[in-house]
1. Kindly check whether there is at least one residue in the stretch 153-166 that is over 27 Å from the mean Cα position of the chain (by Cα), closer than 23 Å to LEU267 by Cβ, at pLDDT 75 or above and surrounded by 10 or more Cβ atoms within 10 Å (Cβ to Cβ).
2. Taking the options VAL110, VAL95, name whichever one is surrounded by 11 or more Cβ atoms within 10 Å (Cβ to Cβ) and without any contact (Cβ under 8 Å) to a residue 60 or more places away in the chain.
3. How about the stretch 96-127: which of its residues are more than 20 Å from the chain's Cα centre (by Cα) and not in a helix (DSSP H, G or I)?
4. Yes or no: ARG87 in contact with a helix residue (DSSP H, G or I) (Cβ under 6 Å, 6 or more places away or on another chain), open to solvent by 80 Å² or more (accessible area, probe 1.4 Å), free of Cβ contacts under 8 Å to residues at least 40 places away in the same chain and not hydroxyl-bearing (Ser, Thr, Tyr)?
5. Out of the stretch 55-97, which residues are under 28 Å from GLN4 (Cβ atoms) and either modelled with pLDDT of 85 or more or among the aromatic types (Phe, Trp, Tyr) (or both)?
6. State whether one or more residues within the stretch 219-242 are touching a residue at least 24 places away in the same chain (Cβ under 8 Å) and in a strand (DSSP E or B).
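The values are calculated or read from the model by the stated rules, or taken from the named source; none is laboratory data. Keep in mind the model is a prediction, meaning the values are calculated, not measured. Please note: Cβ atoms are built from the backbone with ideal geometry, for glycine as well, and neighbour counts cover all protein chains shown. With ligands, DNA and RNA removed, areas are computed over all heavy atoms of the protein, side chains included. Shrake-Rupley method; radii C 1.70, N 1.55, O 1.52, S 1.80 Å.
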Amino acid sequence: MENQKEHFRHILVFYLRKGKNASQAHKKLCAVYGAEALKERQCQNWFAKFRSGDFSLKDEKRPGRPVEIEDDLIKAIIDLDRHSTTREIAEKLHVSHTCIENNLKPLDYVQKFDTWVPHELKETHLTQRINSCDFPKKRNENDSFLKRLITGDEKWVVYNNIKRKRSWSKLGEPTQTTSKADIHQKKVLLSVWWDYKGVVYFDLLPSNRTINFDVYIEQLTKLNNAVEEKWPELTNRKDVVFHHDNTRSHTSLVTRQKLLELGWDVLPNPPYSPDLAPSDYFLL
């Protein structure tokens with residue numbers, strides 16, 4: 001490869017001395033060796049060098065930067081800050097960012113956008129989540145409470161669930177059309193509570209109405225009436241174990257006072273839990 005480069009440069013010197021310019025020399029050289037033999041810009045650079053009196057045909061030595069980097073150094077920087085860019089890593093290791101990119105490929109590192117989460121969990125929140133999940137298991141070992149458990153949640157139910165389906169068509173024929181759902185679809189908010197047997201009570205809120213603590217307290221009263229009708233033995237003994245999430249309407253002072261009035265045993269809920277609510281599985 002190096003010999004071929006020098007051979008092309010000998011030819012350029014020859015054409016220079018024949019009185020040709022860089023463009024003419026490039027055309028003649030490519031006519032013999034092919035269009036990819038040498039770029040016209042390269043011919044112009046070598047002609048400029050020859051005209052300055054420098055007829056050296058060797059590439060000038062460049063200092064460059066070291067390209068061999070220990071993988072552990074790159075891993076240490078990434079572990080310290082997962083948002084480091086290749087240029088920032090290169091600057092810390094005094095190499096080019098291209099060198100870093102080449103070293104990252106065999107290490108199987110790829111850049112991805114961070115995942116959106118509702119809240120940033122602190123160490124205390126993580127501990128609370130573990131304890132909240134572990135508590136029912138340990139409690140059930142000494143007190144089989146699962147058949148006394150009532151849980152609930154809210155879910156938006158749309159009136160028209162439009163889905164795009166596959167359809168048969170011949171080659172060249174246009175496909176079937178399906179209109180997209182409106183941005184503001186007609187929907188209703190469903191509040192539902194259930195036990196191990198099934199739904200105990202549900203409430204469909206009027207249009208354009210959402211849950212606040214006044215609505216929730218009214219719903220708890222109706223739920224208690226439904227429990228008294230279906231489970232009189234539980235309400236007489238104040239033996240209902242209740243579980244709901246930690247939204248504002250559920251954790252307000254008046255709601256907590258209402259639950260104390262009912263005498264229900266409220267289970268703790270993991271803070272900022274992003275998991276899908278059980279009612280989504282149950283209702284679907």
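1. No, every residue in the stretch 153-166 fails to be over 27 Å from the mean Cα position of the chain (by Cα), closer than 23 Å to LEU267 by Cβ, at pLDDT 75 or above and surrounded by 10 or more Cβ atoms within 10 Å (Cβ to Cβ).
2. VAL95
3. SER96, LYS105, PRO106, LEU107
4. Answer is yes for this residue.
5. Within the stretch 55-97, PHE55 is the sole residue that qualifies.
6. Yes, because at least one residue in the stretch 219-242 is touching a residue at least 24 places away in the same chain (Cβ under 8 Å) and in a strand (DSSP E or B).
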